[in-house]
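Scroll down for the structure; my scribbles are underneath it.
The values are calculated or read from the model by the stated rules, or taken from the named source; none is laboratory data. Here the structure is a predicted model, which means the values were calculated and not measured. Neighbour counts are summed over all protein chains in view; Cβ atoms, including those assigned to glycine, are modelled from backbone coordinates with ideal geometry.
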Amino acid sequence: MVFYNGPKCGASAPDHMHLQAGTGCELPLQANWATLSKQLNVVCELAGGDYLGAVDGFCCPLFAIVSKSRENNEKLFQLLYKVLPIREDEPEPMMNIVSWRDGDNYIFVIIPREKHRPDCYFAVGEEQILVSPGALDMSGLVITPRLEDYQKLSATDAEGIIAECGISRHNMQQIVDKLKSEVVGISSVQSVFHQQQPNVSVGIVGAHRIEFTFHSPYLVNEQMVVGKQEVTLAGGMILWNGKIYEQLSFSPQQDSASFSLEDVTIGINFHWERKEVQTFLGILRFTVDGDRIWAINVLPVEQYLESVISSEMSATSSLELLKAHAVISRSWLLAQMEKRNQTNEETEKVSSCTRDDDQLIRWYDRKDHTLFDVCADDHCQRYQGITKETSPHVKEAIRQTSGQVLISKGEICDARFSKSCGGVMEEFQYCWEDTPKDYLVALADTANEHVFPDLRIEKEADRWIRTTPESFCNTRDKHVLSQVLNDYDQETTDFFRWHVDYTQQELSALILKKTQIDFGQILDLQAVERGKSGRICKLRIVGTKRIFTIGKELEIRRALSESHLYSSAFVVDRLDMDAKGVPRQFRLIGAGWGHGVGLCQIGAAVMGEQGYLYNQILLHYYPGASVCSLY
């Protein structure tokens, strides 16, 4: 361990700076580093994963550099050193540094200082305690030159002294803000967005005819329009006001200007599907794709996120939950925008479907969209404009996390989320393309996240799905559920463990309708392969006429429900067998709601209710990722 006392930041020689080193002593700061590091917000990350972050879980705010490279460490330290405040009479910032090695990483903790000594040092009589904190004291090992002072001190007193001599949280935030403004061109990810908030294009509705209303003036082709309007597809073009256009773009003339679209479908192909009139801010663009006109909304990312969080979550959600969801929604969105730009530049695309005589393996991803960045429904992120009023709580969550995303290995995380993991998070490759992501891994949705059975084994999956193990998302607390579930989501009451019953006639007819394959009577539904959460990614359908395998999880959920089965983590009971061994009844017993990859919304709501901070929630569901500010 090496430590450093800056100017007026130590006891023995307060007028000059000096380095010291020692072994055989673990400071409280080091002993608690595993916990503290989970509360670290990354301000800058370099290629290779070395990063500088801010930590607010210790007695006083501090910065930490975690690096393997001396060069990167120097870059990150110089970046911080540049923005630390310097007093007029001092040659450098007041600070203490403590550094040690942890495996392949070197940890450098920088503790900014505001005071040389606490008030108790200058007190008179019994109130006096001679403590002049240096690096060791500021790391939790308080040293006193007099025995009576040591005997007076309590843990609370020691924490108070450290907090008094450290930097205030207000001044810490000012340093963080300066850091963000200085981080230009360091990260390749940040350079993509040029340190500026981008606009996002959202596909709202596609139809042969679209009715819409401008509630205040909009400009198109140097013409001001307001009131009720209509566009119709005519010969592959857009017919509006008696004229034909290839594309139309209506621009608002003031920030508060809005428009409404008729018959917007939400929950497409899900059990809550319905049509609504929805209202939006920003630009309205129309373009033709095949036999449909698409209405596309273009607006700033942060404004879009206010609607997404309001649409996905209840306004009563805890602030930490809303902040966590803001970061993952922003991460997912910017990752998709970046991916779309790359896809548009590439001629070769990854196939999302493989088929032969015996199986169909298909997955559904946002690569389906080419006209816009994302759609407005659950296929991407639920976006309803200003149809739902944005609460001050949501606005504050967006403001506090503005520009923050999850980063892993120098790239924005593809931060997936679903309603309920069912107890164990699923891995990316079991639901989408076969490219595992090291931050989307299987973990138990508990504080002891590494303890869970191998649910790829059928016997273990069967036992686990039929039970209700301890889990953050195993809750029936209406207050918590109301934070996550909107009115139509609350129509679903059994999500952690559920069952669906079918007669032979119902199931065989359903599978015929959904797959367009005549299996005859259904004899069995067999899990060929399960992911680590117990979700089936390959399902063999055994019929009297045909045996065929389907996957991945969403294809399975669509085949076994008129809308979508809650999840593909299920086991099958074949009941009431006839003389030929054909089941007359089937019961599907399942776990979870959705694909289960990444953040579990209900589990995260419980964590927020239990006092977890938003970065702790994020690192639980995206292990190994870090929070970084892009703009």
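Of the residues screened, Arg285 is one that is basic (Lys, Arg) and surrounded by 18 or more Cβ atoms within 10 Å (Cβ to Cβ). Once the stretch 195-247 is narrowed to residues that are of a type in the set (D, E, K, R) and in a loop (DSSP other than H, G, I, E, B), the residue that is farthest from Leu281 (Cα to Cα) is Glu246. Of the numbered criteria (1) free of Cβ contacts under 8 Å to residues at least 12 places away in the same chain; (2) crowded, with 18+ Cβ neighbours inside 10 Å, the one Met577 fails is (2). Here Lys513 fulfils each of the conditions (1) more than 30 Å from the chain's Cα centre (by Cα); (2) within 30 Å of Val451 (Cβ to Cβ); (3) of a type outside the set (A, V, I, L, M) apart from (2). For the stretch 522-555, a residue qualifies if it is buried (at least 17 other Cβ atoms within 10 Å of the Cβ), out of contact with any Lys or Arg (no Cβ under 6 Å at 6 or more places or on another chain) and farther than 14 Å from Ala461 by Cβ, and the qualifying residues are Ile522, Leu523, Arg540, Ile541, Gly543, Phe548, Ile550, Lys552, Leu554. Inspection of the stretch 182-203 identifies no residue that is over 18 Å from Gly385 (Cβ atoms) and modelled with pLDDT of 95 or more. Apart from one condition, Arg399 fits all of (1) buried (at least 19 other Cβ atoms within 10 Å of the Cβ); (2) under 30 Å from Asp177 (Cβ atoms); the exception is (1). Scanning the stretch 255-282 for residues that are at pLDDT 95 or above, outside any strand (DSSP E or B) and not small (Gly, Ala, Ser) returns no hits.
The criterion of being surrounded by 15 or more Cβ atoms within 10 Å (Cβ to Cβ), at pLDDT 95 or above and of a type in the set (D, E, K, R) holds for Glu302. Criterion applied to Leu141, Leu130, Leu147, Leu136 was being within 19 Å of Val2 (Cα to Cα) and surrounded by fewer than 21 Cβ atoms within 10 Å (Cβ to Cβ), and the one residue passing it is Leu141. Would you mind stating whether Cys413 is within 25 Å of Val374 (Cα to Cα), modelled with pLDDT under 95, buried (at least 16 other Cβ atoms within 10 Å of the Cβ) and not β-branched (Val, Ile, Thr)? Yes: the conditions hold for Cys413.
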